[in-house]
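Engineer: Let me begin by handing over the structure; questions about it come next.
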Amino acid sequence: MSDAEQPTDDHVPGDDEFEPIQVFPEAEEMDLRPGADNCYKCSTCDTNCPVAEVDDEFPGPKFQGPEQWRLKRQDDHDIDDSVMKCSNCMRCDSACPSEVPLSQMHNTARAEYVEENMSKFSREYWRNRMLSNYRQLAPLAATFPRTANFVMGLSVTKWMGEKVLGIAGDRDFPEFAKTTFREWWAKRGGNATSRERAQEARAERGAEVQNEDKRIAYFHGCYSNYNTTEVGKALVRVFEHFGYEVMIPEQACSGTPMFANGMLDDARRAAETNVRELSAAIEDGADIIASCTSCSMSLRQEYPELFDFDGTEDVAENTWEAVEYLRVHEDLEGELEGTQVDDTNFAYHAPCHSRNQGLDGQTMEVMSAIDGVEAEDVGDSCSGISGTYGWKEENYETSMKIGEEMFDHMEDAEATTGLTECPTCSMQMEHGTGYEIQHTLQVLEAALVGTELEEA
Amino acid sequence: MAIEDDVLVIGGGLAGATAALTAAEEGVQVRLVTHKQSTLRHASGLIDVLGYTPAGEGPIVDPFEALADLPEGHPYERVGTEAVREALSFFDEIAGDAYSGGHTASNALVPTHGGTVKPTARYPVSTAAGLASVPEDTLLVGFETLTDFDAPLAASHLEAAGAPFSARGVTLTFPGIVRDDAKINRYAHLLDHEETVQTGAGETSAREALAATVDAHLKDESRVGFPAILGDDHAADVRADLEDALGVDVFEVPMGPPSLPGMRLEDMLYDALGDAGVRVTSGVPVIDYETDGNGAIEHVVVDRHGQEVPYRAEQYVLATGGLVGKGVRSERERVFEPIFDCHIPHAAERYDWFVEDVFGEQPYARFGLVPDRELRPLGEDDDPEFSNLRAVGGVLGGYDYAAEKSGAGVSLATGYVAGERAGTEASR
């Protein structure tokens with residue numbers, strides 16, 4: 001939004017005579033006092049915290065949020081270092097019956113801790129910075145994917161990673177795609193090709209061929225771009241199938257791993273780019289669609305809680321999770337009726353960040369519309385990896401303990417293919433069970449479009 | 001395009017879950033939308049029907065007999081005694097072996113963590129060995145790190161209240177707990193998963209270590225009461241192992257919030273919802289609605305983090321709870337129901353909303369919707385607010401569940417009646 005477009009209060013009726021005078025100085029930090037005061041200490045959040053249940057060093061979300069916030073009003077209190085043990089699953093948010101903004105409190109506390117109490121020369125700081133800025137390293141690996149995959153898979157690399165950086169040596173680094181999603185998109189002809197395909201699909205469906213409303217901007221995030229490009233391609237094909245023209249705006253990391261590591265400055269830079277680019281896409285008539293539930297969570301909830309760039313609210317209000325969008329704008333279940341897929345048994349895990357958006361039952365409902373598909377929900381526990389959390393050597397054991405319930409339920413389920421919307425949950429599911437893991441969009445693609453050979 | 005179902009229940013506590021389960025019995029597609037986690041997480045897990053009369057007389061021996069004398073407008077009076085009985089049978093079917101008390105119409109007396117006794121109609125099987133009416137000497141075990149349960153104090157309260165047995169309390173260290181503020185599900189997790197803990201005698205499993213700790217203090221009591229932290233997913237196994245090791249009956253004393261028996265009840269209900277094919281959408285609030293212009297709700301609007309998504313059904317059930325669950329809210333000027341703005345009678349002057357005696361007859365405790373006999377909330381003009389909306393549980397007014405000990409029973413009975421009606425009408 002340019003300066004000329006700044007909203008004014010002129011249209012508010014009856015404010016002609018009222019001229020506000022600034023009595024108090026501009027607040028320099030967020031005032032979370034009303035949020036802290038809303039806490040009546042029922043401790044429901046604590047009983048939802050997957051970390052506090054297994055980690056004796058973690059005092060739980062009630063302490064990290066409202067209690068620490070109050071403590072901080074005393075000048076001589078630093079943020080407790082245990083805040084770095086919070087995995088940022090955000091379960092406490094949807095647990096709280098009293099509207100306490102717990103994850104917002106955790107995010108600000110973590111940022112303050114990193115800023116003021118963590119040595120910028122420490123191994124932990126650099127490891128966290130590297131993990132949360134995976135986006136900066138991925139392009140290099142993606143340029144030489146074979147070398148990167150080879151080197152990352154070497155036991156000596158893992159050993160070095162653990163000893164030097166504190167990255168859990170038991171984890172397998174995600175494989176880098178040989179062609180990134182954006183490269184594939186560009187080769188395919190970019191937005192122009194998508195417009196053509198959308199128009200063809202509309203013609204085939206007997207709909208109006210020219211339709212400015214059927215336009216989405218895809219926020220693919222880092223993982224679909226560099227690693228699981230098949231998820232991004234599935235999204236494109238499924239949306240085009242419904243006659244949507246897909247645009248791929250410039251974008252930075254959603255910021256999720258940065259929030260979780262207290263790297264709020266890095267997150268702010270990324271968010272600024274995203275809000276600018278996505279606002280422009282909205283101006284062009286597109287809705288914003290994400291395939292990763294942590295990305296959509298970040299754009300919808302964390303951005304408005306933590307930043308106030310022009311357009312932040314606008315982006316939050318126009319961002320959707322992909323399947324949610326199709327369910328509300330198309331007759332997705334009707335379209336899926338009578339369709340079939342080859343692999344019909346799935347063990348589904350709802351990511352924490354999808355729960356917080358009210359999307360936890362969605363995949364199960366949509367899957368039941370496809371002929372012969374049996375999806376089994378493996379329970380409401382957290383997978384335990386929580387983005388970068390489970391990658392840290394000191395959290396690895398806790399992460400696997402949290403995941404134990406999910407692994408057990410996956411093994412009890414009939415299926416040997418896992419299903420989830422979150423890239424890191426997917427890593428954890430694979431790591432704990434050895435199952436192949438798919439994204440909901442891939443199943444929709446198989447049902448609606450069929451699994452095409454790699455497009456040129 | 002709206003998300004479509006036949007019956008939509010708003011609110012995921014005991015009343016909402018019961019309504020959804022009953023409606024699903026009619027063979028219709030039911031969805032339950034719940035915002036934050038329900039007050040079941042605060043609840044004792046006991047299923048009270050009526051412990052005291054509205055005038056404060058009791059404890060009542062036979063709650064069903066006492067229902068006939070309730071004043072007009074009380075939720076039980078609205079649905080009738082038979083419906084309360086049916087609702088309890090419905091609950092018994094869902095609960096199976098997990099709950100006791102169905103063998104008699106009389107109230108059981110369950111010791112609480114404060115050492116009082118609570119009259120209740122059904123109780124989790126984990127509390128069964130502890131009933132205050134059973135004349136068996138009792139050892140209550142508290143833990144230094146669980147300050148909500150002072151076992152010696154609770155024991156002396158029980159004796160002072162005239163319990164027909166001798167009670168003794170000890171405070172011990174819980175093996176394996178290292179934090180002063182460990183969460184209740186940390187205790188439960190240690191026992192559920194048989195984690196290895198360090199004791200004076202070396203490494204041992206959490207259950208064995210706990211039994212050994214208590215055994216050293218057990219004299220000739222024939223039962224031992226623990227705060228309600230004995231496991232979550234494997235609570236029955238934990239209790240059985242402790243009973244084997246100690247050679248006496250083991251029971252749990254229901255605790256204040258957060259409460260594992262409440263969470264276990266919640267899990268049980270949500271498993272039943274899954275089995276019944278009820279679709280559950282959680283974590284997001286219903287914020288608005290549209291009518292069809294003929295006095296019926298056409299759809300409601302769910303706020304999914306900024307996206308306003310329409311959810312449509314034939315019939316709607318409002319089960320959003322009372323002042324704690326936030327189904328009833330207040331500002332300085334008014335008391336209101338936040339989704340449909342249904343009528344809530346209350347004094348215009350806010351100083352008349354309460355009386356000075358804390359335990360007196362508090363007007364605010366009875367704030368809530370006024371329903372007709374079909375549980376449709378009535379407007380100020382005594383006509384139903386909407387033809388296809390029913391209200392159940394804590395959002396209803398006209399009763400003081402805390403004083404009467406009637407919260408769970410009202411939720412079950414009204415949920416059962418409204419669910420059945422909604423299901424029947426939606427299947428037409």
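Engineer: Taking C-beta distances below 4.7 angstrom as the pairing criterion, name the unpartnered cysteines of chain A, in sequence order.
Structural biologist: A:39, A:42, A:49, A:86, A:96, A:222, A:253, A:382
Engineer: Under Stokes-Einstein, with the Kirkwood radius over Cα pairs standing in for Rh, what whole-number D in µm²/s applies to chain B at 37 °C and 0.692 mPa s? Intermediate values should be presented prior to the final figure.
Structural biologist: Numbers: Rh = 22.6 Å.
It diffuses with D of about 145 µm²/s by this estimate.
Engineer: Work out, step by step, the length gained on full extension between residue A:310 and residue A:272: first 0.36 nm times the residue separation, then minus their alpha carbon distance; give nm to one decimal.
Structural biologist: Additional length available on full extension: 12.8 nm.
Engineer: Given a 1.4 angstrom probe, what's the average accessible area per residue across the protein assembly as shown, in square angstrom? Could you put the intermediate results ahead of the total?
Structural biologist: Numbers: 36760 Å² over 884 residues.
With the other protein chains kept in place, the protein assembly as shown gives 42 Å² per residue.
Engineer: Still on this structure, I have one more. Kindly provide the Kirkwood hydrodynamic radius of the protein assembly as shown in Å, to one decimal, from all pairs of distinct alpha carbon atoms.
Structural biologist: Details: mean 1/r = 0.0342 Å⁻¹.
Across the protein assembly as shown, the inverse of the average 1/r is 29.3 Å.
Engineer: With θ taken as phi - 60° and the coefficients 6.51, -1.76 and 1.60, list the Karplus ³J(HN,Hα) couplings across the range A:211-223 in order, rounded to whole Hz; mark glycine and proline as x.
Structural biologist: 8, 5, 6, 8, 9, 10, 10, 8, 8, 7, x, 7, 5
Engineer: Straight-line reach from residue B:118: which lysines have a Cα under 22 Å away, not including same-chain ones fewer than 8 places off?
Structural biologist: Partners found: B:405.
Engineer: If you take the accessible area of B alone, add that of A alone, and subtract the area of the pair, what total do you get in Å², probe 1.4 Å, to the nearest 100?
Structural biologist: Values: alone 18740 and 21540 Å², together 36760 Å².
Counting protein atoms only, the buried area is about 3500 Å².
Engineer: Mind listing which GluC sites (Glu not before Pro) in the range A:189-237 are in a DSSP loop and have 13 or fewer other Cβ atoms within 10 Å? Please list the in-between numbers first.
Structural biologist: Numbers: sites: A:196, A:200, A:204, A:208, A:212, A:230; in loops: A:208, A:212.
Answer by residue number: A:208, A:212.
Engineer: Can you run phi through the Karplus equation (6.51, -1.76, 1.60; θ = phi - 60°) for the range B:355-360 and list ³J(HN,Hα) in whole Hz, with x for Gly and Pro?
Structural biologist: With coefficients 6.51, -1.76 and 1.60, one gets 10, 5, 5, 3, 8, x Hz.
Engineer: Continuing with the same structure: Work out how much length residue A:192 to residue A:115 would gain on full extension: take 0.36 nm times their residue separation and subtract the Cα-Cα distance, in nm to one decimal. Walk me through the numbers on the way to the answer.
Structural biologist: On the way: separation 77, 0.36 × 77 = 27.72 nm, distance 4.47 nm.
Length gained between residue A:192 and residue A:115: 23.2 nm.
Engineer: Three principal axis extents, largest first, for the C-alpha atoms of the range A:334-448, in Å?
Structural biologist: 49, 27, 19
Engineer: Still on this model: Determine the gain in length on full extension of the stretch residue A:147-residue A:129; use 0.36 nm per residue of separation and subtract their C-alpha separation, reporting nm with one decimal. Could the numbers behind the result be given before it?
Structural biologist: Numbers: separation 18, 0.36 × 18 = 6.48 nm, distance 2.33 nm.
Net length gain for the segment: 4.2 nm.
Engineer: Further question: For chain B, what is the mean residue ellipticity at 222 nm derived from helices alone (per DSSP H run of n ≥ 4: -39500 (n - 2.57); sum divided by total residues; nearest 500 deg cm²/dmol)?
Structural biologist: Working: 11 runs with 118 residues, N = 428.
Only helices count here, giving -8500 deg cm²/dmol.
Engineer: Per residue, what volume in Å³ does the convex hull of the Cα atoms of the range A:61-162 enclose? Spell out each step's value before the answer.
Structural biologist: Numbers: hull volume 13.4 nm³, N = 102.
Cα convex hull per residue, to the nearest whole number: 131 Å³.
Engineer: Put simply, what bits of the range A:382-423 lose 10 Å² or more of accessible area when the other protein chains are there, versus the chain on its own (1.4 Å probe)?
Structural biologist: A:401, A:404, A:405
Engineer: Applying a 10 Å radius around every beta-carbon, put B:353-361, B:388-396, A:241-249 in order of their mean neighbour count, most first. Present the calculation step by step, with values, prior to reporting the outcome.
Structural biologist: Numbers: B:353-361: 10.3, B:388-396: 30.0, A:241-249: 22.4.
Packing order, densest peptide first, comes out as B:388-396, A:241-249, B:353-361.
Engineer: Now a separate question. To the nearest 0.05, how large is the calculated FRET efficiency for residue B:387 and residue B:350 if R₀ is 22 Å and r is the Cβ-Cβ distance? Kindly include the intermediate steps, with their values, before the conclusion.
Structural biologist: On the way: r = 33 Å, r/R0 = 1.49.
Computed FRET efficiency for residue B:387 and residue B:350 comes out at 0.10.
Engineer: Between rounded, prolate and oblate, where does chain A land on the alpha carbon gyration tensor, with a ≥ b ≥ c its root eigenvalues, rounded for a/c under 1.5, else prolate if a/b exceeds b/c? The partial results should precede the final answer.
Structural biologist: Working: a/c = 1.57, a/b = 1.14, b/c = 1.37.
Because a/c hits 1.5 or more and a/b fails to exceed b/c, chain A counts as oblate.
Engineer: If all Cα-Cα distances of the range B:289-406 are sorted into 5 Å bins from 0 onward, what percent lands in each bin, rounded to whole numbers?
Structural biologist: Bin by bin from 0 Å, the calculated values are 2, 11, 19, 22, 19, 12, 8, 4, 2, 0.
Engineer: May I ask you to derive the FRET efficiency for residue B:267 and residue B:172 from their Cβ-Cβ distance with R0 = 45 Å, giving the value to the nearest 0.05?
Structural biologist: Working: r = 28 Å, r/R0 = 0.63.
Efficiency at R0 = 45 Å is approximately 0.95.
Engineer: OK, next. Give, in whole angstrom and from largest to smallest, the semi-axes √(5λ) of the equivalent ellipsoid of the range A:33-117, with λ running over the eigenvalues of the Cα gyration tensor.
Structural biologist: Numbers: eigenvalues 68, 50, 22 Å².
The answer is 18, 16, 11 Å, longest axis first.
Engineer: Which percent of the Cα-Cα distances in the range A:123-165 go past 11 Å?
Structural biologist: On the way: 616 of 903 pairs.
Every Cα pair in the range A:123-165 considered, those over 11 Å come to 68 percent.
Engineer: Okay, moving on. Hey, what's the Kirkwood Rh for the range A:390-450 if you take every pair of different alpha carbons, in angstrom?
Structural biologist: Details: mean 1/r = 0.0799 Å⁻¹.
Mean inverse Cα-Cα distance, inverted, gives 12.5 Å.
Engineer: Under a no-solvent Debye model with one identical scatterer per Cα of the range B:113-253, what's log10 I(q)/I(0) at q = 0.10, 0.13, 0.17, 0.19 Å⁻¹?
Structural biologist: With one equal scatterer per Cα and no solvent, log10 I(q)/I(0) is -0.30, -0.52, -0.90, -1.13.
Engineer: Take every DSSP beta bridge with both residues inside the protein assembly as shown and express the antiparallel ones as a percent of the total, to the nearest 5.
Structural biologist: On the way: 27 of 78 bridges.
DSSP beta bridges in the protein assembly as shown are roughly 35 percent antiparallel.
Engineer: Rounded to the nearest 0.05, what FRET efficiency is calculated for residue B:292 and residue A:416 with R0 set to 51 Å and r the Cβ-Cβ distance? Can you show the working numbers first?
Structural biologist: Numbers: r = 48 Å, r/R0 = 0.94.
Efficiency at R0 = 51 Å is approximately 0.60.
Engineer: Now for a separate question. Roughly how many whole Å is it from the C-alpha centroid of the range A:369-394 to that of the range B:133-170?
Structural biologist: Comparing the Cα centres of the range A:369-394 and the range B:133-170, I get a distance of 43 Å.
Engineer: Let me ask something additional. Give me the percent of the accessible area of chain A that comes from carbon and sulfur atoms, probe 1.4 Å, all protein chains in place.
Structural biologist: Details: 9490 of 19850 Å².
Accessible surface attributable to carbon and sulfur in chain A totals 48 percent.
Engineer: Moving on. Which residues, if any, in the range A:336-376 have at least 50 Å² less accessible area in the whole protein complex than in the isolated chain, probe 1.4 Å?
Structural biologist: Those are A:358, A:365, which lose 50 Å² or more relative to the chain on its own.
Engineer: So for chain B: antiparallel DSSP bridges make up what percent, rounded to the nearest 5? Don't skip to the end; give the middle numbers.
Structural biologist: Details: 26 of 58 bridges.
In chain B, approximately 45 percent of DSSP beta bridges are antiparallel ones.
Engineer: If you don't mind, there's one more thing I want to ask. Below 9 angstrom from the Cβ of residue B:414, what's the summed charge of the other residues (Lys, Arg +1; Asp, Glu -1)? Write out the running numbers ahead of the final one.
Structural biologist: Numbers: positive: B:78, B:390; negative: none.
Spelling it out: positives minus negatives among the neighbours equals +2.
The values are calculated or read from the model by the stated rules, or taken from the named source; none is laboratory data. Treat the numbers as computed from the prediction; the structure is a model and nothing was measured. For neighbour counting, all protein chains shown are included, and Cβ atoms are generated from backbone atoms with ideal geometry for every residue, glycine included. Note: accessible area is taken over every heavy atom of the protein model, side chains too, but ligands, DNA and RNA are not part of it. Shrake-Rupley method; radii C 1.70, N 1.55, O 1.52, S 1.80 Å.
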